[in-house]
Amino acid sequence: MQSRLSSKGQIVLPAPMRRLLGLKPKSKVLIEERDGGIFIRPVPRKQGIAPIAYLPEGAIKLSERDYALDMAAGEDDMPAREL
C-alpha cells in the first residue's frame, strides 16, 4: 500500500490497515528505522489494574452515587473501589 507524506510530515494509514491492526483515533504507534526503512507498529495497550480485595489504610469509601458521578465526569483513572 502506498501513502503520501503531507507538507507537515504526516502519513495517513489506509483504513484497511488500521482495521487490521485495531488502530482507532488517538491510538499510539511506535516508529522505528530499520534497514533504511520505517517500521510502524501499535503500542501494546496497558492491562487493567486488578482490584484490591481490601480497602487500604487512608482510602476513602465512595457511595454508589459518588462513584457514578466520578465515572460520568470522565475519571478514567479511578482506582477500584469496595462497597
Worksheet item: Quick one: which of LEU21, LEU55, LEU62 is surrounded by 10 or more Cβ atoms within 10 Å (Cβ to Cβ) and within 20 Å of the chain's Cα centre (by Cα)?
Response: LEU21
Fill in: Close pairs (7 angstrom Cβ cut-off, 6 or more residues apart or separate chains): in a loop (DSSP other than H, G, I, E, B) in region 21-34, of a type in the set (Asp, Glu) anywhere
none
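Taking into account only those residues within region 65-83 that are in a helix (DSSP H, G or I) and surrounded by fewer than 10 Cβ atoms within 10 Å (Cβ to Cβ), which is modelled with the lowest pLDDT?
Within region 65-83, the first condition is being in a helix (DSSP H, G or I), and the residues that meet it are 65-72.
Checking which are surrounded by fewer than 10 Cβ atoms within 10 Å (Cβ to Cβ) leaves us with 65, 72.
On the way: ARG65: 85, ALA72: 81.
Going through the qualifying residues, I end up with ALA72.
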Worksheet item: Out of all the residues in region 30-45, is one or more in contact with a helix residue (DSSP H, G or I) (Cβ under 6 Å, 6 or more places away or on another chain), at pLDDT 75 or above and of a type outside the set (Val, Ile, Thr)?
Response: yes
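The values are calculated or read from the model by the stated rules, or taken from the named source; none is laboratory data. Nothing here was measured: the structure is a model prediction, and the numbers come from that model. Every residue, glycine as well, gets a Cβ built from its backbone with ideal geometry; the counts of neighbours run over all protein chains shown.
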